Structure formats: structure tokens, C-alpha cells
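Working notes for the structure below.
The values are calculated or read from the model by the stated rules, or taken from the named source; none is laboratory data. The model shown is predicted, which means the values in this text are computed figures rather than measured ones. Don't worry about glycine lacking a Cβ; one is built from the backbone with ideal geometry, like all the others, and counts go over all protein chains shown. Side chains are part of the model used for accessible areas, which takes the heavy atoms of the whole protein and leaves out ligands, DNA and RNA. Shrake-Rupley method; radii C 1.70, N 1.55, O 1.52, S 1.80 Å.
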Amino acid sequence: MIRSNPEELIRKNIARFVDNEIIPIAQELDNKGEFPRDIFKKLSKMGIFGIRYPRHRGGSGGNTTLFCIICEEISRGLLSVASIVAMQSLMGTNFLFHYGTGEMFEEFFLPAMRGEKIGCFCMTEPDAGSDLGAITTRATEVDDGYLINGMKTWVTDGPEASFYTVMCQTDPSKRLRGIGYFFIPRNLPGVSLSSRFQCLGTRTTPICEVAFKDVFIPKEYRLTPEGEGLNAFLKIIAEIRAMTAALALGLQRAAMADSIKYANERMASGKPIGKFQLVQSKIANMATNLEASKLMTYRATAMIDEGKEALKEATMAKYFATESACSASDECTRIFAGYGYSMEYTAQRYFRDARFLLNGGGTHEVLQCNIARWVGI
Amino acid sequence: MNIVVLIKQVPGNSDVKLDPKTGNLIREGIDAIINPDDLQALETAITLKETLGAKVTVLTMGPPQAIDALSEAIGMGADGAILLSDRAFAGADTWATSFTLGKAIQRIGKFDLILAGRQAIDGDTAQVGPQVAECLDLPQVTYVFDIETVENGYVRVKRRLEDGYERIQCSLPALLTIIGGPVKPRYPEVASLLSACHAKAPIQVWNAADIGVTTADVGMSGSFTQVVKTFAPKFERHGELLEGSAVEVVHNLIERLKQNKLI
Ligand SMILES: Cc1cc2nc3c(=O)[nH]c(=O)nc-3n(C[C@H](O)[C@H](O)[C@H](O)COP(=O)(O)OP(=O)(O)OC[C@H]3O[C@@H](n4cnc5c(N)ncnc54)[C@H](O)[C@@H]3O)c2cc1C
């Protein structure tokens with residue numbers, strides 16, 4: 001019996017959306033730097049945000065591979081939109097989905113799948129980034145619930161959010177073993193937001209600080225049971241890194257496609273610049289790195305889908321694909337030369353957006369330390 | 001109401017290249033897509049299904065890879081799809097294609113409306129829709145961009161003209177060829193796309209025997225025309241700017257037109 005391959009079919013259809021609805025306005029969206037509400041709504045109608053969740057529980061019945069294919073395609077159009085999609089489909093809703101009560105599912109999760117409510121993920125603090133064991137946002141047990149106090153920063157989509165999944169410390173003496181995830185709706189008393197950050201790249205993604213002052217939450221808003229916070233973190237971090245690698249893949253493809261087109265058209269000394277070997281070398285490196293990134297990324301996602309431990313593979317994929325995205329966008333600006341420095345061309349945007357990937361999912365210094373440790377250092 | 005939609009999978013890039021030696025299309029690296037006018041026909045059918053209630057069956061003739069076009073159609077909301085695939089169908093010209101599609105529609109049996117795209121971006125003939133209507137002896141309206149009503153055995157449509165439009169009432173069953181209108185084709189939900197990949201998805205594959213045709217009537221042997229050679233046009237025309245006073249330029253221009261035997 002002949003049937004379509006789901007991965008190819010989904011990729012093709014998302015590509016049609018990206019080509020028609022995102023690429024023609026990507027530059028304009030980036031210039032404006034506003035949350036892409038219209039696109040967000042359209043993506044929700046296609047059931048994109050539920051791709052990782054099963055159909056019988058409000059999702060679209062896909063898996064991590066399909067999720068990453070979607071992230072990659074959207075990132076090819078505009079990385080900041082893809083980062084919003086990733087937040088809504090993965091970090092912003094994952095713990096709510098797995099640990100929330102039926103009531104929370106109806107009130108927050110299903111509306112999030114429909115694009116009516118936005119979820120965020122708050123781990124980083126002003127004084128704790130890479131070293132999450134040092135977070136000081138505190139969840140203190142009180143009668144019937146918890147009091148939350150602390151400050152989170154670099155909250156992707158923070159200004160647009162309806163609810164936050166917040167990593168809190170329950171017992172500072174335990175450091176990482178004391179952490180847990182808590183659910184905090186934005187409209188609770190004591191939640192306040194900073195103004196929006198001005199950022200180098202991914203300019204449609206709004207980011208801010210979120211402060212919690214004596215915020216009372218009921219018991220059921222503790223998402224991860226006691227002692228399970230660290231495990232929950234380790235489980236999701238592999239998927240976050242695979243997703244970040246997929247975002248990097250999309251950016252590499254965009255930078256490479258524009259570089260090839262430009263190199264074939266731009267004339268110098270009577271021939272297209274693509275005829276010069278030094279330009280060919282840049283393109284050849286982009287193509288080779290892209291191919292390797294693809295293999296690494298989708299090997300990691302396949303392992304995740306098979307329920308295998310994939311933190312090492314996902315970490316290596318994120319590290320390699322992101323470094324390749326940084327290099328491809330850098331080379332792209334060189335191929336465009338003067339026009340790579342112009343805000344009217346795409347090269348500068350790829351160059352700026354790529355820097356986001358260096359931080360999301362862990363810095364590369366930290367990733368390299370992890371990798372070295374895993375191979376025996 | 002039963003609607004049959006005819007769709008074709010085409011190379012998704014207007015920048016199609018031909019192999020200079022063989023004259024064949026270079027398909028590598030080019031995604032196949034549903035032909036844009038056909039996608040519009042599909043959208044029209046599914047809108048009718050939503051507003052008036054209808055069963056939408058999608059039909060395509062093509063190689064096994066054309067299954068993706070049908071999966072996408074199911075994802076958009078079609079109720080069933082049929083792939084006409086048989087080595088015997090290969091090499092069909094527009095006549096043999098129309099004949100084969102017509103036979104398949106007869107096998108489907110019940111239909112009130114057949115919708116096709118106006119033309120495919122790879123061949124640009126705009127012949128298949130009208131020829132299918134001829135094969136089935138049906139009335140047809142081409143260049144339809146709006147279906148106003150379907151009632152009492154008639155369909156009323158707007159048909160695009162160069163400088164305006166016609167409103168036409170046509171008895172059913174009928175064949176309409178569709179062009180882009182105000183409604184853009186929808187994007188399928190990912191869950192529906194995934195369902196379309198299941199073994200249980202309502203997609204059938206029919207071969208020559210299934211539609212009761214002999215191999216002599218279809219494909220290359222059933223074709224009246226044959227493509228002798230395909231080539232990419234060379235753009236060798238160059239513009240030339242005539243300079244001088246208006247009087248000089250006009251004289252110069254008339255001289256050139258005469259030289260080229262244009263006047
Ligand atoms: C656009 C953007 C969006 C973000 N969105 C979110 C979000 O939604 N939620 C969220 O929680 N966070 C978010 N972050 C924060 C991101 O996760 C952190 O920036 C990242 O974890 C690094 O933390 P830091 O910036 O505090 O750097 P630091 O930890 O202060 O690191 C500074 C430098 O020291 C190096 N370093 C630190 N520790 C080590 C070590 N052990 N070994 C070697 N080198 C080390 C780092 O690699 C880096 O070079 C976002 C960041 C950005 C830029």
C-alpha cells in the first residue's frame with residue numbers, strides 16, 4: 001500500500017506556510033520587532049503547538065522528530081518566530097501537560113494549544129544562569145500551598161504570557177536536588193514584569209524579567225513532585241538542545257540558500273563571484289556543516305522518540321549545529337560584503353539571530369565541559 | 001452533493017531547469033507541490049462542503065509519489081482520494097489524461113460537480129478540464145473564481161473575463177475550472193496530515209484494469225500528440241535605447257521597424 005511519509009509530508013506543508021506567509025514579511029517583522037500575533041494565530045490553527053502531545057489529550061499526535069522538523073522549517077523563515085513556537089510547544093507547556101490537574105489542563109493547556117494563552121519557562125536569574133544550582137527564587141510551603149519569592153530574567157515571551165513554569169528552590173542546602181517546577185499564572189497578586197528587553201537579534205521574540213513577591217499558589221500548582229525536579233530538568237534539557245539544534249539547522253539553510261543565490265548573481269571581474277574558489281570554499285563548508293548538523297540533530301531526536309537517553313547526542317548536536325549556524329551567517333555576510341552590512345539585506349539578520357542560539361539551551365562553554373566529562377575527562 | 005476534484009502534482013519551482021542533453025526536467029532538489037489552480041479548486045470544494053454539505057473526492061493521475069498531493073488534500077478536508085497509477089498511463093498527452101480521468105470519474109459514479117484547476121504550471125495547456133467535460137458529455141464553465149449558489153439542480157458562478165466577469169447559470173452535473181479568487185487555500189492541520197499517512201486513510205490506488213480501460217487507450221499509445229523536443233528558451237533579445245531629439249528618435253524608430261519588416 002502506498003502512503004506518504006509523515007516527516008516529508010509535514011515538512012513540505014510547513015515549508016509552504018513558511019514560503020508564503022513568513023519569508024515575504026520576515027524582514028518587516030524583524031524591523032518592527034513586535035510579537036507576530038497574526039502568524040502565531042495561523043500556526044495555532046494548524047495545530048502546531050500540540051505536535052509533541054498525543055491527540056487524545058489535546059495534541060496533534062506527533063513526536064520530537066516532527067516537532068524539530070517544524071522548528072527547522074520555521075526557523076528557515078524567521079528564527080524569532082520559531083523560538084516562539086518552540087517555547088509554546090515545549091518548555092512553556094510541557095510541565096503543565098505532564099503534571100497539571102484536569103482543571104489546569106482545561107483552563108490553561110487547551111487554550112495554549114489554541115493559541116489563546118501563552119506559556120513561558122523561567123529558570124535563569126540575574127545571579128544564576130549557567131549555574132542553576134545557585135537559583136534563589138524560593139518556594140516556601142505554607143498552609144494549603146506555597147509562597148513564591150524571587151526574580152527570573154531572560155523570560156522568552158514573558159511580556160505576552162498568561163502563565164509561567166518557574167524553577168524554584170525548595171531547600172537551598174540541597175542545591176540542584178532541591179529544585180522543583182511551579183506553575184504561576186500571571187494574574188496572581190505579587191507577579192510583576194519589567195519593561196521589554198532591547199536585544200541584538202530574534203527581535204520579534206519579546207523578553208523581560210518577571211518578579212514574584214509573596215505570590216501565593218495552591219498546592220496543585222507545584223508541578224514536579226518533591227525530589228523529582230532535577231530529573232524532570234534532565235529529561236527536558238535533551239529535547240531543548242535537540243530543538244535548538246533544529247533552529248540552528250533552519251538558520252544555516254537560510255544563510256546558505258541566500259549565499260548561493262547571491263554568489264550566482266553578483267558579478268565581479270566579469271564573472272559571478274561564485275566562480276571564485278574562495279567563495280566556493282565558503283559555500284562548500286556551509287553545505288558540509290549543514291549535512292553533518294542534520295545527521296546529528298535527527299539522530300538525537302530519533303533516540304528521544306525511541307525513549308532512549310539522548311542528552312549527550314542532543315548536546316553535541318546543539319553545539320555543532322549552532323557553531324555551524326554562527327559560521328554560515330558570518331560567511332554569508334562576507335559573501336554579501338557591503339550589502340551584508342546593509343540592514344536591507346537578510347545577511348545581517350542571520351548574523352544577529354544566530355547569537356541567540358549560543359545561549360538558549362546552555363552556553364557552549366558549559367556544553368563543552370559536559371561533553372568532555374561524558375567522554376572521560 | 002458529491003464533488004470530484006481533479007488535482008495534479010507539479011514541480012514547485014517556476015525556475016525549472018531542463019537537462020540540456022536529454023531535454024528532461026531536472027527534478028532533483030525540487031519539491032513537488034499541488035498545482036496552484038488545483039489547490040484553489042480543492043479549497044473551493046472544501047468550502048462548499050462546509051457551507052452546503054458535500055462529499056469531496058480527489059482524483060489524480062500520476063506516479064506513486066503523487067500520493068503526497070492526495071495526503072495533503074485529505075489533510076485539508078477531502079473525504080476520499082484516488083490515485084490513478086499504472087505504468088500504462090505513462091507518457092499520456094492531455095487527451096489520454098482526460099480520457100483516463102473521465103473513465104475514473106465514471107467508476108466513482110455519483111457526482112454533481114467536477115472541479116479542476118484552470119491549468120497546470122508545468123504544461124500550461126488548460127486543456128484537461130474542458131476535455132474531461134467532453135469525455136463525460138457534461139456542460140462546463142471555465143475560469144470560475146466564485147461559486148455563488150448551488151441549488152435546484154443548477155450552479156451559479158462568476159467567470160473571469162479579461163475586462164470583467166460573467167455570471168453564468170449551469171445545469172448539474174457540470175465541470176468547472178477554477179482560478180484564484182478572494183479565498184486563499186487553507187493550510188492543513190498537522191494532525192490531519194498525520195492521519196492521512198495511516199494505512200486506514202481513505203486513499204485508494206486504481207490501475208488501468210480498475211477503471212476498465214485497455215492499455216491501447218491510455219498513456220503514450222492513447223495519445224494523439226507527442227512531445228518531440230523540450231528545450232529551455234534562450235533569452236537573446238536585447239534592449240536598445242534610441243537617443244536624440246524626439247524627431248530624430250521617431251525617424252530612427254520608423255527606419256528600424258522598416259528594416260525589420262515590421263511595417
Ligand atoms: C534570547 C535569549 C532568550 C532566553 N530565554 C530564556 C528563557 O526563556 N528562560 C530562561 O530561563 N532563560 C532564558 N535565557 C537565558 C539563557 O538560558 C542564559 O543566558 C544562559 O543559561 C547563560 O546564562 P548567563 O547568561 O547568566 O551566563 P553566565 O552563566 O553568567 O555565563 C557567563 C560566561 O561564563 C561561562 N561559564 C559559566 N559557567 C561556566 C562553567 N561552569 N564552565 C565554563 N564556562 C562557564 C559561560 O559559558 C559564559 O561564557 C535566554 C537567553 C537569551 C539570550
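Yes/no per residue for (1) open to solvent by less than 50 Å² (accessible area, probe 1.4 Å); (2) away from the ligand (no atom under 16 Å from the Cβ); (3) not in a helix (DSSP H, G or I):
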| position | (1), (2), (3) |
| --- | --- |
| A:293 | yes, yes, no |
| A:325 | yes, no, no |
| A:328 | yes, yes, no |
| A:338 | no, yes, no |
| A:352 | yes, no, no |
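Taking the range B:191-200 as the range and being touching a helix residue (DSSP H, G or I) at 6+ places or on another chain (Cβ under 6 Å) and touching a residue at least 24 places away in the same chain (Cβ under 8 Å) as the test, the residues that pass are B:192, B:193, B:196, B:197. Condition (residue is charged (D, E, K, R) and within 20 Å of residue B:171 (Cα to Cα)) applied to the range B:60-83: is it met by at least one residue? No, the range B:60-83 has no match at all. Taking the condition part of a loop (DSSP other than H, G, I, E, B) and within 14 Å of chain A (Cβ to nearest Cβ), does residue B:229 pass? No, not satisfied. Would you confirm, using the coordinates I've provided, whether residue A:35 is open to solvent by less than 40 Å² (accessible area, probe 1.4 Å), within 16 Å of the ligand (Cβ to nearest atom) and assigned to a loop (DSSP other than H, G, I, E, B)? So residue A:35 passes the test.
The residue that is surrounded by the most Cβ atoms within 10 Å (Cβ to Cβ), among those in the range A:242-284 that are free of Cβ contacts under 8 Å to residues at least 24 places away in the same chain, among the charged types (D, E, K, R) and in a helix (DSSP H, G or I), is A:275. Counting only helices (runs of 4 or more DSSP H) that fall entirely inside the range A:57-149 and contain at least 1 residues that are more than 14 Å from chain B (Cβ to nearest Cβ) and more than 16 Å from the ligand (Cβ to nearest atom), the qualifying elements are A:64-77, A:94-99, A:110-113.
Take the conditions (1) within 13 Å of chain B (Cβ to nearest Cβ); (2) open to solvent by less than 20 Å² (accessible area, probe 1.4 Å); (3) free of Cβ contacts under 8 Å to residues at least 60 places away in the same chain; residue A:19 misses just one of them, which is (2). The residue of the range B:201-226 that is nearest to the other protein chains (Cβ to nearest Cβ), among those that are in contact with a helix residue (DSSP H, G or I) (Cβ under 7 Å, 6 or more places away or on another chain) and assigned to a strand (DSSP E or B), is B:203.
Among the conditions (1) closer than 17 Å to residue A:233 by Cβ; (2) open to solvent by less than 10 Å² (accessible area, probe 1.4 Å), the only one that residue A:161 does not satisfy is (1). I'm trying to understand the selection: among the residues of the range A:45-56, which are open to solvent by less than 10 Å² (accessible area, probe 1.4 Å) and more than 7 Å from chain B (Cβ to nearest Cβ)? Those that are open to solvent by less than 10 Å² (accessible area, probe 1.4 Å) and more than 7 Å from chain B (Cβ to nearest Cβ): A:49, A:50, A:53.
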